[in-house]
Amino acid sequence: MQACKVSLGKKRRGHVLADRLTISGTAKSFAGIAVLKGIDLTIEPGEFFTLLGPSGCGKTTLLRIIAGFLAADSGSIALGSERLDHKPAHQRDIGMVFQDYAVFPHLTVADNVGFGLKLRQVPKAELNARVDEALRMVQLDRLGARYPSELSGGQQQRVGIARAMVIRPRLLLMDEPLSNLDAKLRLELRDDIRQLQKKLAIATIYVTHDQEEALAISDRICVMNGGVAEQVGTPTEIYRQPRRRFAAAFVGTTNFIKASVEGGRVALGGAHLPLAKAADGPVEIGIRPEHVRVMAASAGAAGMPALEGKVARFTYLGTHGLAVVATEHGEIIAQVHDLDGAAACEGATVRVVLPVDRLMVFDAAGNRVEIAA
């Protein structure tokens, strides 16, 4: 979508856009199984906040509790000083975009967008003006008279976005809105959603299981696992400084190497790494493929951990390649930019070098342990 002037978020009372959403101790169980285990989160005004995690981690349940479609077993949800969990869904002033579009097939595009305004008994002249504005915002202004069956999947999802935004909500919720679209359209609409959200300055909570989508679109991300918020941070923090093994494994690709701590040090590839705090016992050492260096077998490692191995597989990807190196510690994936080097030759004997400043150490409980300076 091309940029266009919008004012849907600017006509609200000044204090509304400054409201902070506070989720405190929110828990939910189904048939005795805990789905949410006391979630505490704060979403700032105008922030694009993503709940990221695998299926069954509780992210959609949390979104539905915020929307008012489900009641929490305990905890509270407040927007500014106002408790939302005491209000029915239709009184929470929240816009919702669903995974399956949720458009009404018997209504035109314009009537779909204006449905929420009609329920709010907005005068007809204002309703029509706001619907026209919303349709221009999502580049559907020429399709208002059409029915959903005459639209593509991407156009139907734009109808859902316009319908959610036209009511000028205090909070916008999106439940995997791009999962039913093809890859190219997902990229296009993903960028459109982010630009619209920035223009309207509406705090948005976005649910996805797609890590790349979360990294590209979010101000902050909450990585969820088993009903627990594993880590909250910016996309850069989540990717570069995961505090838990789960976050390191789920967001991006990470090599994990089993090792053990003895006397406060972990031995790996000829090096002994002192840890800031760790009990003796098993640990796992993680490193991203882009940080692994693959050198000729005769090359020196300059005091860094180094493992001997053979290139088991090499995949050419144009700008770089991925080498899978079989070592005594298992297979290690390396991102390779020297496409004429030894790493590009399957069967070649190589040295895998692991820069200390790129290593992540996780204890038996999955918590990150810092390497001492």
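Name the one entry in ALA299, ALA326, ALA343, ALA364 that is small (Gly, Ala, Ser) and in a strand (DSSP E or B).
ALA326
Within segment 157-177, does at least one residue satisfy the condition of being part of a helix (DSSP H, G or I), surrounded by fewer than 19 Cβ atoms within 10 Å (Cβ to Cβ), assigned by TED's automatic domain parsing to the domain that holds LYS28 and free of Cβ contacts under 8 Å to residues at least 60 places away in the same chain?
no
Restricting attention to segment 1-30, report how many residues are in a loop (DSSP other than H, G, I, E, B) and either at pLDDT 95 or above or surrounded by 11 or more Cβ atoms within 10 Å (Cβ to Cβ) (or both).
Number satisfying all stated conditions: 10.
For ARG136, work out the one condition from (1) in a loop (DSSP other than H, G, I, E, B); (2) of a type outside the set (Val, Ile, Thr); (3) more than 23 Å from the chain's Cα centre (by Cα); (4) at pLDDT below 90 it doesn't fulfil.
Going through the list (1) in a loop (DSSP other than H, G, I, E, B); (2) of a type outside the set (Val, Ile, Thr); (3) more than 23 Å from the chain's Cα centre (by Cα); (4) at pLDDT below 90, ARG136 breaks only (1).
Answer yes if at least one residue in segment 105-112 is touching an Asp or Glu at 6+ places or on another chain (Cβ under 6 Å) and surrounded by fewer than 17 Cβ atoms within 10 Å (Cβ to Cβ), and no otherwise.
No; the residues of segment 105-112 include none that is touching an Asp or Glu at 6+ places or on another chain (Cβ under 6 Å) and surrounded by fewer than 17 Cβ atoms within 10 Å (Cβ to Cβ).
Only one of PRO54, PRO45, PRO105 is part of a loop (DSSP other than H, G, I, E, B) and touching a strand residue (DSSP E or B) at 6+ places or on another chain (Cβ under 8 Å); which?
Going through PRO54, PRO45, PRO105 in turn, the sole match is PRO54.
So for segment 209-223 (the condition being of a type in the set (A, V, I, L, M) and farther than 25 Å from LEU359 by Cβ), does at least one residue qualify?
Within segment 209-223, one or more residues are of a type in the set (A, V, I, L, M) and farther than 25 Å from LEU359 by Cβ.
For segment 29-42, name all the residues that are on the phi > 0 side of the Ramachandran plot and either among the acidic types (Asp, Glu) or touching a strand residue (DSSP E or B) at 6+ places or on another chain (Cβ under 8 Å) (or both).
Scanning segment 29-42 gives a single hit, GLY38.
Would you check if THR42 is touching a Lys or Arg at 6+ places or on another chain (Cβ under 8 Å), within 23 Å of ARG194 (Cβ to Cβ) and exposed (fewer than 14 other Cβ atoms within 10 Å of the Cβ)?
yes
Select from segment 244-269 the residues that are closer than 21 Å to ALA323 by Cβ and in a loop (DSSP other than H, G, I, E, B) and list them in ascending order.
Within segment 244-269, GLY252, THR253, THR254, GLY269 meet the criteria.
Can you find, within segment 88-127, the residue that is nearest to ASN180 (Cα to Cα) among those that are polar (S, T, N, Q) and at pLDDT 90 or above?
ASN112
Looking only at segment 320-361, count every residue that is loosely packed, with under 12 Cβ neighbours inside 10 Å and in contact (Cβ under 8 Å) with a residue 12 or more places away in the chain and tell me the total.
Selection size over segment 320-361: 3.
So in segment 192-228, with the set limited to residues that are polar (S, T, N, Q) and assigned to a strand (DSSP E or B), which one is farthest from GLY58 (Cα to Cα)?
THR204
The values are calculated or read from the model by the stated rules, or taken from the named source; none is laboratory data. Quantities reported herein were computed from a predicted structural model and do not represent experimental measurements. All Cβ positions, glycine included, derive from the backbone under ideal geometry; neighbour counts span all protein chains shown.
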